[in-house]
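Chemist: Handing you this structure, nothing more for now.
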Amino acid sequence: MRITTGILKGKKLVSPHLKIHLTEEKVRKAIFDILGIFVKEAKVLELFAGSGALGLEAISRGAEKVFFVDNQQACLEAIRKNIPEEFKGRTEVIKADALKSITELVRRGEKFDLVILDPPYKRGLVNLTLKKISENSILLKPGAIVVVEHHSEEGLDLRGIKNLFFLKNKKYGKTQVSLLKFAE
């Protein structure tokens, strides 16, 4: 597994060696090709970070700062190993449940341009997390983008969510990527 583009292009990434879904390189590249220059100087939150590959793609493409959240120690260790020394000041690694971390980040006054979530497939976490983000929308800067990677059989349910709007959807085999935009 490697970073696909940007200043870290080709950097090998350490895997947490757990039974978790890791985003394929072609899917990561496609996500960031769609996002384009939106990532440059963005403040990014990666929930269910796993190896941190998506957040590191953001750093590689010029993100100002990336927060990585995961609750598994093996994932946190992999993320820390994957962050190059020169970028440690532009990252924060947080051991926490993704849903609880949203509340804590709001309490701290953090605001994000881009939120990326790639929860374990078929466990109902996609819609729960989107609802939590919507309820804590103070976490999002105006015009923020939420990228959701999910199993193609696990649909997004935006009923009752009044501030996240569907932008784009792309399918890559069993993986589906949905982009949502925040509007107050």
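The values are calculated or read from the model by the stated rules, or taken from the named source; none is laboratory data. This is a predicted model, so every value here is computed, not measured. All Cβ positions, even for glycine, are placed from backbone atoms using ideal geometry, and neighbour counts span all protein chains on display.
Chemist: For residue 10, all conditions in the list (1) in contact (Cβ under 8 Å) with a residue 40 or more places away in the chain; (2) assigned to a loop (DSSP other than H, G, I, E, B) hold save one; what is the number of the exception?
Modeler: Condition not satisfied by residue 10: (1).
Chemist: Of the residues that sit in segment 154-184 and are outside any strand (DSSP E or B) and of a type in the set (Lys, Arg), which one is farthest from residue 111 (Cα to Cα)?
Modeler: Taking the candidates together, the pick is 174.
Chemist: Please identify the pairs in which a residue from segment 102-127 that is at pLDDT 95 or above has its Cβ atom under 8 Å from the Cβ atom of a residue that is in a strand (DSSP E or B) and of a type in the set (Lys, Arg), counting only partners at least 6 apart or on another chain.
Modeler: The qualifying pairs are 110/43; 111/43; 111/141; 112/43; 112/141; 113/43; 113/141; 114/43.
Chemist: Taking segment 79-101 only, how many residues are among the β-branched types (Val, Ile, Thr) and farther than 24 Å from residue 125 by Cα?
Modeler: Looking only at that region, the number is 2.
Chemist: Given the options 125, 140, name the one that is out of contact with any Leu (no Cβ under 6 Å at 6 or more places or on another chain), closer than 25 Å to residue 63 by Cβ, of a type outside the set (D, E, K, R) and crowded, with 23+ Cβ neighbours inside 10 Å.
Modeler: Just a single option satisfies the conditions, and that option is 140.
Chemist: Looking only at segment 46-100, filter to residues that are out of contact with any Ser or Thr (no Cβ under 7 Å at 6 or more places or on another chain) and under 16 Å from residue 146 (Cβ atoms); which one of those is surrounded by the fewest Cβ atoms within 10 Å (Cβ to Cβ)?
Modeler: Of everything passing the filter in segment 46-100, 67 is surrounded by the fewest Cβ atoms within 10 Å (Cβ to Cβ).
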